[in-house]
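Peer 1: Quick one: the structure is below, and I'll ask about it shortly.
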Amino acid sequence: MKKLLIVDVQKGFLNDNCSFVANKIQDLVDNGNFNQIIATKFVNRKESQFVEYLNYQRFLTDDETEIALNLPKNAKIVEKTSYSLAGGEKMIF
């Protein structure tokens, strides 16, 4: 089984210096014949430790958290609130 794991390729993380990476990943999505595509999505929360201790106010809104790729409808998107591959209390694999 051929799987593709995409980690945090979100509009809020992309800029002029790295947007080419999203294009390369989109090519993989479009041409890779993957049996399963899993994408993680970092979402900050107003009550998070990022906000409370670091005053990190990004990724609180949909415009920053939106996945920056055109994924197929059967792709699994795992929302997470930490910088890891854990989705809540369960690992994504």
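Peer 1: Can you pull out every residue in the range 9-42 that is in a loop (DSSP other than H, G, I, E, B) and touching a Lys or Arg at 6+ places or on another chain (Cβ under 7 Å)?
Peer 2: Narrowing the range 9-42 to residues in a loop (DSSP other than H, G, I, E, B): 9, 14-18, 32-35.
Within the range 9-42, Asn33, Phe34, Asn35 qualify.
Peer 1: Quick one: count up the residues across the range 4-59 that are basic (Lys, Arg) and surrounded by fewer than 11 Cβ atoms within 10 Å (Cβ to Cβ). Talk me through it step by step, then tell me what you get.
Peer 2: Step one: list which residues in the range 4-59 are basic (Lys, Arg), which gives 11, 24, 41, 45-46, 58.
Subsequent filtering for residues that are surrounded by fewer than 11 Cβ atoms within 10 Å (Cβ to Cβ) retains 24, 46.
Count: 2.
Peer 1: All but one of (1) at pLDDT 90 or above; (2) in a helix (DSSP H, G or I) hold for Phe50, so report the exception by its number.
Peer 2: It is condition (1) that Phe50 fails.
Peer 1: Please name all residue pairs, on different chains or six or more residues apart, with Cβ atoms under 7 Å, provided the first residue is in the range 27-49 and is within 15 Å of Ile77 (Cβ to Cβ) and without any contact (Cβ under 8 Å) to a residue 60 or more places away in the chain and the second residue is of a type in the set (A, V, I, L, M, F, W, C) and surrounded by fewer than 16 Cβ atoms within 10 Å (Cβ to Cβ).
Peer 2: The qualifying pairs are Gln36/Met1; Ile38/Leu5; Ala39/Ile77; Thr40/Leu85; Lys41/Ile77.
Peer 1: Out of all the residues in the range 62-90, which are at pLDDT 85 or above, part of a loop (DSSP other than H, G, I, E, B) and not acidic (Asp, Glu)? Steps first, answer last, please.
Peer 2: At the first step, the residues of the range 62-90 found to be at pLDDT 85 or above are 62-81.
In the following step, the residues that additionally are part of a loop (DSSP other than H, G, I, E, B) were identified as 66, 68-75, 81.
Those that are at pLDDT 85 or above, part of a loop (DSSP other than H, G, I, E, B) and not acidic (Asp, Glu): Ala68, Leu69, Asn70, Leu71, Pro72, Lys73, Asn74, Ala75, Thr81.
The values are calculated or read from the model by the stated rules, or taken from the named source; none is laboratory data. Note that the structure is a prediction, hence the values are computed from the model and not measured. Please note: Cβ atoms are built from the backbone with ideal geometry, for glycine as well, and neighbour counts cover all protein chains shown.
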